[in-house]
Amino acid sequence: MSVNTYSDPQVFNPDDFNQMLSSGEPEIKVFRQALEQGHEVLKQRFLETKNASGYVFHRSWLIDQVLQQALSHICIWIADEIALIAVGGYGRGELHPSSDIDILIILAQEPNDDMRECLERFITFLWDIKLEVGHSVRTLAECEQEARDDITVATNLMEARLLMGGESLFHKMQQLVGPRSMWSSRDFFAEKCNEQAKRYAKYHDTSYNLEPNIKEGPGGLRDIQTVAWVAKRHLGASTLHDLVQQGFITDGEYQSLIEGQEFLWQIRCFLHFHSKRREDRLLFDFQRTLAEDFDYLDKEGKLAVEQFMKKYYRTVMSLNTLNDLLLQVFQEHILYDDSNDKVIAVNKRFQIRKGFIEVTHDRVFVNYPFALLEVFLLMQQHPEVKGVRAHTLRLIYQHVYLIDDAFHRDLRARSLFYEILHQPSGITRALRLMNRYGVLGAYIPNFGRIVGQMQYDLFHVYTVDQHTLFVVRNLRRFCVKEYQHEFPLCTEIVHTLPKLELMYLAGLFHDIAKGRGGDHSELGEKDALTFCHEHGFSDHDARLVSWLVRNHLMMSTTAQREDTSDPSVINNFAQRVQDKMHLDYLYVLTVADIRATSPKLWNGWKNTLLADLYHKTLHVLEYGSDQTLDKQYQVQDIQANARDLLAGSDLSDEKIQFLWSQLGDEYFLRSTPQAIASETQTIIQHQSSDKSLVLERHDPHGGTELVLFMRDRDYLFAETTQYLERKAITIVDAYVIPTDSEHSLGGYTILDSDKRTVIQDSERMDEIKQGLEEVLNRDVNEPFCPITHHMSRQLKHFPVPTRISFTQDSANNHTIMEVITTDRPGVLSRIAQAFLHCEVILKKAKIGTFGSRVEDIFFVTDKNNNMLFSADQLDCLREYLSELLDEDIPKPEEK
């Protein structure tokens, strides 16, 4: 149905409208009421039916009527001298609740003063009636020049629709900007492909962002429009269905495009209504509400919002794939139609034509179902291949159903999948394409269940399938020479691994059971073991892969949550790892996994923690645990190395031994001989002063450690944490070691406010150290004032209830306190204030942030350096700390 021939008296009744104008009502009021009434009718219809295509069509028609009435009312005498044209989305007849209303007024020649004044009154009147339009006034010559200079203008004019005025002007404009005059099909297609590549890069080439843009992101509405633009330019197609009639797309592909478009249009309408503006981002602010709009309900193990977003991600993935397919059809038809049609035979099933792989005949997949895997292996073995030809892609989609039980039992299929993982290159590309075309999910059905599966938090920024493929990509990069500088230790290790395919399989299966309920590591372990046995892996290899899946979180948990300066922690970890081979595989998998979780999660500090745990564990595995478990032996060994470094100094052995006897074992277990030697010299030289001292250990990769030699006072931890947080410093590790004198030795490992980068600015570092010294040397405690920096919009949607738990560690005579709460500025200083209030002494802290979730571990004692035995003291900590941490967390009704 044409917008120009439609009529709907409920939305706009011209008779009633003209009667109101004739009654003497103010013109502006009549127009406003007509718009408001029409919009309200359309809104209620949409809310009742969710018919988005009907809404955008009818709203375009409503705006047509108002514009035509306004021009007739204000400037009827110029109607034959101009062409009033709808352009862009409005030109297509697709107006969402807050879409831009773009109009173009075409003039045959430069306007005289009367016409200019009349047009100005027309535009002003539109704003007066609250119809916000984007407008331009151009002559035909200006239209031609603007379109020639800017393909965006040419595209807008290509979608132009005459609303009122001179038809001859409109048709002349169409001729001037058509493909015979400018932007030939070839040039237009090439530029649109370039535009799309730039647009994809802006969204990191993935549809799976936490807050995706439903219009501009990969698989969004712009992908559909790009196909339509190319079709219109090259074929003169006015609708997508014209492509079916011309044989460019199938009925099924057309239906998928229209269904996907309708779903995205529904989301866009709801977004505009909820936000009361043109909002195309699927923000956390709206995701839960939209899930309700689409009638999703929470189920066991799956939130309504996760079900809704899974539908969204699967829809845009399908649209993205269709966009690829159709643009390739156009590419073959537009760019390669007259190119050399030389065919290169690969085998009896496949050949290469124009740089693309294709089947030799249409029954290849019917006769040889295993060829559904073979095509991806051949692309790995022929890296010059640009992709799969469109016709063959269609055949893949049509025959994925052949991947059934018989297919899984076919030794040829199993061998092909093994070979894909065993290739020296192209593994990441092959798996991505297999996932995009539905082959990977069909071959590994449990993988198919995680496609589009999101986790509603700020920690996991990708869907489970996208994250999994990023893990495999990261593992693969460790093997590539060009990237060996990124993670030298990982690169060194992977070149010693006996079977890289086991590493890739572990990456592929490590999260495969997400969203099923239960422990995904345990369920994934069973899946991996079954898969490996079915594919003929030895029992040893199968159990190695399943062990890695079961324990893929073990190394990161140990490094980030336990005290790895404690030899018993290292020994326990080494016992669970068993041998160097398991350690090597687990280390590279852990690094790849963390890096693939979020672009912001990995930092030098995590790198240092994991590498330190790896080397300490390797030492135990190679030399045994007896010496490693003996703290005193370790301390003596470290001190001996530090003494060697101090041999050339003017410090006497007596002074060195006197200082070291006060510091305790913890200091030496945490420090390198080089740091100990340097700090020993500085502290001894400083001991005659009564002032506290701040030293700096700088690791250009892991972070900066501030070492504090300070006079003992109860409130120092509270004041130093508060000072550092006010300076927008992130504390990732902390310790306080009492000495036998009136001093304590403390340390903070710090990063910049982004929680990722080392502080490089030496002037800023000097300012921080000077400020800390002033805090440490104050004689009075400064009153506690909670830091109340603005909480980010995203964090407000993921409040984490505060949970505090205690574990008694009798072997080390301290209490381990775990605090889980919402991340925001000032958390650590509040915890420190609770320690001060409840007379608790901090020994060590492991600070962890995972999206919006803080998971901090504190090793604490009472004032006598004993575990917290008193129930009153534990209750004090729990209650006072909960009060401090919960006071500014938004409640669900406040979100």
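The values are calculated or read from the model by the stated rules, or taken from the named source; none is laboratory data. The structure presented is a predicted model; accordingly, all values stated were derived computationally and were not measured. Here Cβ is always computed from backbone atoms with ideal geometry, including for glycine, and neighbour counts include all displayed protein chains. In case anyone asks, the SASA skips ligands and DNA or RNA and just uses the protein heavy atoms, side chains included. Shrake-Rupley method; radii C 1.70, N 1.55, O 1.52, S 1.80 Å.
When 226, 289, 321, 315 are checked against the criterion of being free of Cβ contacts under 8 Å to residues at least 24 places away in the same chain and touching a helix residue (DSSP H, G or I) at 6+ places or on another chain (Cβ under 9 Å), 289 stands alone in meeting it.
Can you tell me which residue is least open to solvent (accessible area, probe 1.4 Å) among those in region 685-700 that are among the polar types (S, T, N, Q) and modelled with pLDDT of 80 or more?
Checking each candidate, the answer is 692.
Take the residues in region 143-167 that are under 21 Å from residue 110 (Cα atoms) and among the acidic types (Asp, Glu), then tell me which one is least open to solvent (accessible area, probe 1.4 Å). In this case the residue turns out to be 144. Look at region 635-647: where a residue is more than 14 Å from residue 678 (Cα to Cα) and a partner is buried (at least 18 other Cβ atoms within 10 Å of the Cβ), sitting 6+ places away or on another chain with Cβ atoms under 6 Å, you get 635/668. Taking the criterion of being under 39 Å from the mean Cα position of the chain (by Cα), surrounded by fewer than 22 Cβ atoms within 10 Å (Cβ to Cβ) and of a type in the set (Phe, Trp, Tyr), the only residue of region 705-729 that qualifies is 723. Residues of region 244-259 that are in contact with a helix residue (DSSP H, G or I) (Cβ under 7 Å, 6 or more places away or on another chain) and of a type in the set (A, V, I, L, M, F, W, C): 244, 248, 249, 257.
Please count how many residues of region 757-779 are among the acidic types (Asp, Glu) and either in contact with a Cys (Cβ under 8 Å, 6 or more places away or on another chain) or under 23 Å from residue 606 (Cβ atoms) (or both). Total meeting the criteria: 1. Residues in region 798-808 that are in contact (Cβ under 8 Å) with a residue 12 or more places away in the chain, part of a strand (DSSP E or B) and open to solvent by 30 Å² or more (accessible area, probe 1.4 Å): 803, 805, 806, 808. Since residue 843 meets every condition but one in (1) over 30 Å from the mean Cα position of the chain (by Cα); (2) modelled with pLDDT of 90 or more; (3) part of a strand (DSSP E or B), which condition does it not meet? Every listed condition holds for residue 843 apart from (2). Checking every residue in region 564-573 against the condition of being farther than 26 Å from residue 511 by Cα and under 32 Å from the mean Cα position of the chain (by Cα) gives at least one match.
Of the numbered criteria (1) in contact (Cβ under 8 Å) with a residue 12 or more places away in the chain; (2) out of contact with any Leu (no Cβ under 6 Å at 6 or more places or on another chain); (3) of a type in the set (A, V, I, L, M, F, W, C); (4) not in a loop (DSSP other than H, G, I, E, B), the one residue 170 fails is (2).
Can you tell me which residue within region 225-237, out of those that are in a helix (DSSP H, G or I) and open to solvent by less than 10 Å² (accessible area, probe 1.4 Å), is nearest to residue 281 (Cα to Cα)? So, considering only residues that are in a helix (DSSP H, G or I) and open to solvent by less than 10 Å² (accessible area, probe 1.4 Å), the one nearest to residue 281 (Cα to Cα) is 226.
Taking residues in region 689-713 that are of a type in the set (Ser, Thr, Tyr) and assigned to a strand (DSSP E or B), and partners anywhere that are open to solvent by 30 Å² or more (accessible area, probe 1.4 Å) and modelled with pLDDT under 75, the pairs with Cβ atoms closer than 9 Å and at least 6 places apart or on different chains are 704/698. Note on region 238-258: among residues that are more than 23 Å from residue 197 (Cβ to Cβ) and hydrophobic (A, V, I, L, M, F, W, C), the one that is least open to solvent (accessible area, probe 1.4 Å) is 244.
Could you tell me which residue of region 589-628 is farthest from residue 562 (Cα to Cα), considering only residues that are open to solvent by less than 40 Å² (accessible area, probe 1.4 Å) and outside any helix (DSSP H, G or I)? Only one residue fits best here, namely 598. Residues in region 387-425 that are over 28 Å from residue 533 (Cβ atoms), assigned to a helix (DSSP H, G or I) and open to solvent by 30 Å² or more (accessible area, probe 1.4 Å): 4 in all.
Considered as a group, the residues in region 13-66 that are among the acidic types (Asp, Glu) and more than 21 Å from residue 103 (Cα to Cα) include one that is surrounded by the most Cβ atoms within 10 Å (Cβ to Cβ), and that residue is 27. Which of the residues spanning region 181-222 are assigned to a loop (DSSP other than H, G, I, E, B) and farther than 30 Å from residue 458 by Cα? Passing the criteria: 181, 182, 183, 184.
Taking every residue in region 531-548 that is closer than 12 Å to residue 408 by Cα and of a type outside the set (A, V, I, L, M) and pairing it with any residue that is modelled with pLDDT of 95 or more and outside any helix (DSSP H, G or I), at least 6 positions away or on another chain, the pairs with Cβ-Cβ distances below 8 Å are 531/444. Taking the criterion of being open to solvent by less than 10 Å² (accessible area, probe 1.4 Å) and either aromatic (Phe, Trp, Tyr) or more than 20 Å from residue 794 (Cα to Cα) (or both), the residues of region 283-319 that qualify are 284, 308, 312, 313, 316, 319. Going by what's in this entry, would residue 654 be described as over 28 Å from residue 859 (Cβ atoms), of a type in the set (D, E, K, R) and either touching a strand residue (DSSP E or B) at 6+ places or on another chain (Cβ under 8 Å) or without any contact (Cβ under 8 Å) to a residue 40 or more places away in the chain (or both)? So residue 654 passes the test.
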